[in-house]
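First comes the structure, then the notes that go with it.
Coordinate-derived values only; no laboratory data. Here the structure is a predicted model, which is why all the values come from computation and not from measurement. Because the Cβ atoms are built from the backbone with ideal geometry, glycine has one as well, and the counts that use them run over all protein chains shown.
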């Protein structure tokens, strides 16, 4: 099996986590490396009082993410990562992959932005979603009964501007497979798994 990094990229609200679970079920040697999980651990450990402190922890998290990627690559692990990747991360990931001899598969999840906005809103309001994503001030074990009052929830215009302005829907590294997730019932998961299988075999 070729040393491979799978990037589950594309717009927010596209079901990257769900797809990732399907992929790992078929290819259990892949380990998930999640930027958001690292962020959430730092938010819980350190907390933040404003957007400046939050951004500092986000940048700290990205440094830890890249270090974790290097460590996994140095051990020859197969890695999968889910995030709305953009050009911000591209050159660093590209450089690490080159250094360790890894190929990249990008699964780019896209869809109708109004549909994705509603999914993302539902996700942000779900009690399982970490509060650090929707607040400008957070300290563990902070709770919130009415998530609708969170001060960092995106409205539709902000969500649309993020999706289009940051290039989430254009991000690509290595082999690309684009998936329209506007209607989950129309996704051919077996075709996606076959695509991966063909690219990772020696």
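Annotations for the structure displayed:
- Looking at the chain, the DSSP beta bridges with both ends there are about 5 percent antiparallel.
- Remark: relative contact order (segment 1-137) = 48 percent; criterion is Cα-Cα distance under 8 angstrom and separation of 6 or more residues.
- Cα gyration tensor category, rounded, prolate or oblate, for segment 102-202 with a/c compared to 1.5: prolate
- With R₀ set to 41 Å, the beta-carbon distance separating residue 87 from residue 125 gives a calculated FRET efficiency near 0.85.
- Rounded to 10°, Cα long-axis angle of helix 189-200 versus longest principal axis of the chain: 60
- Principal-axis analysis of the Cα atoms of the chain puts helix 35-46 at an angle of about 40° to the longest axis.
- Computed over segment 42-135, the ratio Rg/Rh where both radii use C-alpha atoms and Rh is Kirkwood: 1.01
- Degrees between helix 16-26 axis and first principal axis of the chain (Cα, 0 to 90, nearest 10): 30
- Net length gained if the chain between residue 55 and residue 158 were fully extended (0.36 nm per residue, minus Cα distance): 35.3 nm
- Computed [θ] at 222 nm, helices only, for the chain once each DSSP H run of length n ≥ 4 contributes -39500 (n - 2.57): -15500 deg cm²/dmol
- Calculated log₁₀ intensity ratio I(q)/I(0) where the Debye formula runs over C-alpha points of the chain, q = 0.09 Å⁻¹: -0.35
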